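Worksheet: the structure to be examined is printed underneath.
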Amino acid sequence: MRKIAALLTIGACMSTAIAAQGTWKQRFQRVSDEYFDQVYFRYAPSAATQTGFHQYDSQLEDFSRKAIDAEIAALKDFERRMEAIHPDDSAADFVPRSDREIVLSNIRSQLLTLETIRPWEKDADNYSSACANAAFVLMERKFAPPDDRLRSLIAREKQMPSLLAAARINLQNPPHIFTEIAIEQLPDIISFFEHDVPQAFADAQDAALKAEFARTNAAVIAALNQYLGWLKTDLLAKSNGDFRIGADAFQKKLEYDEMVDLPLDKLLGIGWADLRKNQEHFKEVAHELEPDKDPRTVLEELGKDHPAPDQLLDSFRATFNSLITFIRAHHIVTIPSDVKPIVEETPPFMRATTFASMDTPGPYEAHATEAYFNVTLPDPKMTPAEVEGYMHSFNIGTVISTAVHEAYPGHYVQFLWLPQAPSKVRRILGANTDVEGWAHYCEQMMLDEGYGQPGMGAKDERESKLLRLGQLQDALLRNARFIVGIEMHTGKMNVEQAEEFFQKEGYQSKETAVVETKRGAGDPTYLYYTLGKLQIMKLREDLKRKEGAAFSLEKFHDDFLKQGFPPIKIIREAMLGDDSPTL
């Protein structure tokens, strides 16, 4: 009897302990909050600033080996804690259950990056760009008085020389292409600290604070110059490593980041099929436009049809009204706000890597909520011929395609829906197949639905066809990324072959091909544009078959966007109610 009583007492204690912990949903909420506080933002404080959590504003990324090992240990601890939470299978618990999958995948992706891909050991640009980004997120939005933000910047700048010193210890036989990229980027980063950063805090009032900033900023500039010198005279000659992450890491990265587990050979087949489809469509439209000319000649002529450089920003602004009017008149998607993004020139230190971008405030930014549509104008030092070549990237078709992608109904509209996301996890963690897949999907969807027809985005039939060619050229660029990323990182394509592929199969200029190949070396899975677009199109068609005459495109888009930024697999299960294949 005593033994039974003792067992009953132990059982009662265990039940009490479990009850004290709460339901599995409460435990998940607690552990995920601790993960964000103790790992995710602790080791990425600049991301915290951008997200709107300003308690991290005085902290800087720490790339010392001690910090990297500590982060790995913390990630493994949270992986175990998250795995120990066993969700119910009820449909009512779908959001927290899928959020647990998202957090677990994020933890595993971080571990894969730190332990296997190891950019901290290979990529010199990680260090110098981290310095620039840490300053930029304190500058770009006035979420606090200038003196307060300057105080945070000074605290970060004091830590930047140590961050750059860690690079000299960590970088072991990096890939030559990575060191070249860092050397190319550094002059703009140095110029950024010399000119843009001081200008951004010109309205600070505290004289002692400004004097201290002058000292810390000068120290950062000196450290960056020394870093550049070391890269040129020392590390570059020792940079003989391999940038390829290999098939196994590539497959795992796709699974953790995008919840896509298709074999790479099957993915390649999908990528090639979509490339050929878009090439044929391009040829058909080019033939309709100019029956007696080669499609590439038509492409070159398309490039010449662009606004003057000093009219480029206004050209983008001018697209907004017609896009918004069309979206509302044709019930494409609900636009939750009438506030438009601010079109401005791209910040100098970002010019080397982007033609245009959307910079939205973080999901928890309560004060500075402006959104910026950045456009990179030609460099004043360019010759007239270079300016003309550069402006080909802003032809009439590409301007519309870019405005759709970045603003309406692409990234900006998706950002406007973010407050309706069902959880904190869905606001912070996002899949690129969702974010970039949505924006890329919109480029084709808008034209398919009738935008760009004469009188609606185009002045005549010729211009309408030019818009379609611009959309298809952008689609072919993303098709080429899809194939190049897999082939380069599995050892089947070298840098020169990748550059040639972008030109021959992707219909891109040599200059674009060089930039895109460099990007692919450091961003292996940049197939997510096309991959996400194809997943969204399949989801739409499957839902249309299921709903029949009741299907509404506007409702489909609204229901998609209200999910936040999870992988398409999760959105598919939420909208279709099953786990059928995404492709």
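Just to be sure, is Ile342 surrounded by 13 or more Cβ atoms within 10 Å (Cβ to Cβ) and either in contact with a Ser or Thr (Cβ under 8 Å, 6 or more places away or on another chain) or farther than 14 Å from Thr398 by Cα (or both)? It is false that Ile342 is surrounded by 13 or more Cβ atoms within 10 Å (Cβ to Cβ) and either in contact with a Ser or Thr (Cβ under 8 Å, 6 or more places away or on another chain) or farther than 14 Å from Thr398 by Cα (or both).
Which condition does Leu416 not pass, out of (1) closer than 23 Å to Asn432 by Cα; (2) assigned to a loop (DSSP other than H, G, I, E, B), if it passes all the others? Evaluating Leu416 over (1) closer than 23 Å to Asn432 by Cα; (2) assigned to a loop (DSSP other than H, G, I, E, B) leaves (2) as the failure.
So, of the residues in the range 403-426 that are hydroxyl-bearing (Ser, Thr, Tyr) and over 15 Å from the mean Cα position of the chain (by Cα), which turns out to be nearest to Thr51 (Cα to Cα)?
Going residue by residue through the range 403-426, those that are hydroxyl-bearing (Ser, Thr, Tyr) are 408, 412, 423.
Still in the running and over 15 Å from the mean Cα position of the chain (by Cα): 408, 423.
Details: Tyr408: 22, Ser423: 15 Å.
Selected residue: Ser423.
A residue that is surrounded by 19 or more Cβ atoms within 10 Å (Cβ to Cβ) and of a type in the set (D, E, K, R) occurs nowhere in the range 198-206. Inspection of the range 386-408 finds a residue satisfying the criterion of being outside any loop (DSSP other than H, G, I, E, B), at pLDDT 95 or above and in contact with a His (Cβ under 8 Å, 6 or more places away or on another chain). Scanning the range 441-481 for residues that are crowded, with 21+ Cβ neighbours inside 10 Å, of a type in the set (D, E, K, R) and either free of Cβ contacts under 8 Å to residues at least 12 places away in the same chain or not assigned by TED's automatic domain parsing to the domain that holds Ala513 (or both) yields a count of 0. With respect to the conditions (1) part of a helix (DSSP H, G or I); (2) at pLDDT 95 or above; (3) surrounded by 15 or more Cβ atoms within 10 Å (Cβ to Cβ), Phe94 falls short on a single one, namely (2). The residues listed here are Val375, Val387; of these, the one that is crowded, with 20+ Cβ neighbours inside 10 Å and in the same structural domain as Asp460 (by TED's automatic domain parsing) is Val375.
Quick check on this structure: which one of Glu184, Glu180 is surrounded by fewer than 16 Cβ atoms within 10 Å (Cβ to Cβ), part of a helix (DSSP H, G or I) and within 24 Å of the chain's Cα centre (by Cα)? On inspection, the qualifying residue turns out to be Glu184. For Val484, the stated conditions hold: it is buried (at least 24 other Cβ atoms within 10 Å of the Cβ) and closer than 18 Å to Phe243 by Cβ. Taken together, Thr353, Thr334 contain a single residue that is touching a helix residue (DSSP H, G or I) at 6+ places or on another chain (Cβ under 9 Å) and modelled with pLDDT under 95, which is Thr353. Answer yes or no: is there a residue in the range 324-338 that is of a type in the set (Lys, Arg), within 24 Å of the chain's Cα centre (by Cα) and surrounded by fewer than 17 Cβ atoms within 10 Å (Cβ to Cβ). Checked the range 324-338: no residue is of a type in the set (Lys, Arg), within 24 Å of the chain's Cα centre (by Cα) and surrounded by fewer than 17 Cβ atoms within 10 Å (Cβ to Cβ). The criterion of at least 1 residues that are small (Gly, Ala, Ser) is met by the following helices (runs of 4 or more DSSP H) wholly inside the range 489-576: 495-504, 510-522, 528-547, 568-576.
The values are calculated or read from the model by the stated rules, or taken from the named source; none is laboratory data. Predicted model only: the values in this text are computed from it and were never measured. Glycine gets a Cβ as well: all are built from the backbone with ideal geometry, and neighbour counts include every protein chain shown.
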